[in-house]
Amino acid sequence: MIMFRILFMLVFLGISSASNAQKILQIEKKNSPKTIKFVTTDIISIRTIDSDNWYSGKIYDFNFEKDAIIFEDRIVFLNDIKALRVGRSGYVNGMLRGLSISMMTFGVNWALLSAIDGWVSEERNFDESDAYLSAGSIATGYLLTKIFSLKTYRMGKKWNFRLLNLNVINPEWKGSTTNQEVPR
């Protein structure tokens, strides 16, 4: 029991020391406290003012001096972004994506197994109810994917960007704060 408590404390201290710095891209809805937050390693899709194509990538870092998002292969300034699209991330979108894939898989499997059963067995045929069930399941799964998987935020009228650097440790402090006097 003592070993469990020691292990728990070590894990807790390890997690708390690793979370001392957070860099956040925040999308704010005007005149509302509603915000959407993205951190490094999140995958987002953006459309810039120059292009009508969507670029998807993993956020590598943020440049706070120039208000820029650093992706693995490019740097995009916040003023150049026309729209941001988010999809297939988060618990709800992941759950709906899994449900939609399950619905489509069920529809295909039902049609395939009913057709094989009708071909092998002489007492059962592939009839209208099998076709309706499989087509309805595939259509429902497809519609779930199209309706709930992507959310687009257009910058300007309704939404704004903000980069937040929530560092707990002051970068001017050198070394450990326990061995030095804290500047005031």
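Coordinate-derived values only; no laboratory data. No experiment lies behind these values; they were computed from the predicted model shown. Cβ coordinates were reconstructed from backbone atoms using ideal geometry, including for glycine residues, and neighbour counts include every protein chain displayed.
Computed quantities for the displayed model
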{"read-out": "Packing-based exposure ordering (other Cβ within 10 Å, fewest first) of Leu166, Leu144, Leu113, Leu84", "value": "Leu166, Leu113, Leu144, Leu84"}
{"read-out": "Proxy reagent accessibility, fewest Cβ within 10 Å first, across Tyr153, Tyr55, Tyr132", "value": "Tyr132, Tyr55, Tyr153"}
{"read-out": "Rounded if a/c under 1.5, otherwise prolate or oblate - region 92-148, Cα gyration tensor axes", "value": "prolate"}
{"read-out": "When each of Lys34/Lys158; Lys58/Lys158; Lys29/Lys157; Lys29/Lys82; Lys58/Lys151; Lys30/Lys82 is checked by Cα-Cα distance, pairs over 20 Å", "value": "Lys58/Lys158"}
{"read-out": "Net charge of Cβ neighbours under 15 Å - reference Tyr60; Lys, Arg +1; Asp, Glu -1", "value": "0"}
{"read-out": "Taking Phe62, Phe161 and counting other C-beta atoms within 10 Å, the order from fewest to most", "value": "Phe161, Phe62"}
